[in-house]
Amino acid sequence: MESPSAPAHRGLVPWQGLLLAASFLTFWSLPSTAQFTMESVLPNAAEGKEVLLRFHNLPGDLKRYAWYKGEVKENNEIVSYVIETQTTIHGPAYSGRETIYPNGSLLLQKVTVKDTGEYNLQVILKDYATKQVTGQLHVYLVLPKPNITSNNSNPKEHRDPVMIKCEPQTENTT
């Protein structure tokens, strides 16, 4: 076996480092464009709280953002923002509790269980091409603290019946 062409020492020699870098590039190729994603800052919110829906890796050549509750169709549009004129336009699904920000984020205030569902963000690019991303929001009812009472505070084992009651009763909960 021949001796190595590079002098022996601790660490990588330049050609070994280059070979290692080339190996990483061969097996680890990044996508050409980062994925456009939505994030809910509080995806599981209690009723009455605020939720911020925001997105990452936004394309740079934007003309307009539009938020929808459910499918992307005119009746479901909550609010849109025109970047060039910095204009906010309220859609048919706007309730007055939503605020759109210049970066496209959507703030939902005083959320209710009815706000649970799918939210779509549609961006319109300057060439009028569209991109869309979907996110999910879950809003839960805030339950009152239960009060547990018993009709017999000193029962005898295997002799005395005991009735335990939990109040208040809340609809649609078990």
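The values are calculated or read from the model by the stated rules, or taken from the named source; none is laboratory data. Bear in mind the structure is a predicted one, so any value in this text is a computation, not a measurement. No Cβ is skipped: glycine too gets one built from the backbone with ideal geometry, and neighbour counts run over all protein chains shown.
Overview of results
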read-out	value
Any hit, the stretch 94-101, residues being in contact (Cβ under 8 Å) with a residue 40 or more places away in the chain and either surrounded by 14 or more Cβ atoms within 10 Å (Cβ to Cβ) or under 16 Å from Arg54 (Cβ atoms) (or both)	no
Residue, nearest to Gly48 (Cα to Cα), within the stretch 79-89, restricted to residues that are more than 22 Å from the chain's Cα centre (by Cα) and touching a residue at least 12 places away in the same chain (Cβ under 8 Å)	Thr88
Residues being modelled with pLDDT under 90 and closer than 16 Å to Leu107 by Cα - total across the stretch 54-71	3
Candidate set from the stretch 55-78 (those that are part of a strand (DSSP E or B) and over 18 Å from the mean Cα position of the chain (by Cα)); member that is nearest to Arg97 (Cα to Cα)	Glu77
Filter pass, Lys126 being within 30 Å of Val72 (Cβ to Cβ) and touching a strand residue (DSSP E or B) at 6+ places or on another chain (Cβ under 7 Å)	yes
The lone exception for Asp115 - which of (1) among the charged types (D, E, K, R); (2) over 15 Å from Glu47 (Cβ atoms); (3) surrounded by 12 or more Cβ atoms within 10 Å (Cβ to Cβ) it fails	(2)
Considering residues of the stretch 45-93 that are over 20 Å from Gly135 (Cα atoms) and of a type in the set (Ser, Thr, Tyr) only, the residue surrounded by the fewest Cβ atoms within 10 Å (Cβ to Cβ)	Thr85
Tally, over the stretch 104-116, of residues that are more than 16 Å from the chain's Cα centre (by Cα) and either of a type outside the set (D, E, K, R) or over 13 Å from Lys69 (Cα atoms) (or both)	3
Contacts under 9 angstrom Cβ, first residue in the stretch 124-140 being more than 17 Å from Asn103 (Cα to Cα), partner charged (D, E, K, R) and surrounded by 14 or more Cβ atoms within 10 Å (Cβ to Cβ), 6 or more apart	Asp127/Lys63; Tyr128/Lys63; Leu137/Asp115; Val139/Glu47; Val139/Lys49; Val139/Asp115; Tyr140/Glu47
Filtered residues of the stretch 145-161 (kept if surrounded by 10 or more Cβ atoms within 10 Å (Cβ to Cβ) and either touching a residue at least 24 places away in the same chain (Cβ under 8 Å) or touching a Pro at 6+ places or on another chain (Cβ under 9 Å) (or both))	Pro146, Asn151, Asn152, Pro155
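Rundown of residues vs (1) touching a Cys at 6+ places or on another chain (Cβ under 6 Å); (2) within 21 Å of Tyr81 (Cβ to Cβ); (3) among the acidic types (Asp, Glu), yes/no style:
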{"site": "Thr99", "(1), (2), (3)": "no, yes, no"}
{"site": "Ser105", "(1), (2), (3)": "no, yes, no"}
{"site": "Asp115", "(1), (2), (3)": "no, yes, yes"}
{"site": "Leu125", "(1), (2), (3)": "no, yes, no"}
{"site": "Thr134", "(1), (2), (3)": "no, yes, no"}
{"site": "Ser150", "(1), (2), (3)": "no, no, no"}
{"site": "Lys165", "(1), (2), (3)": "no, no, no"}
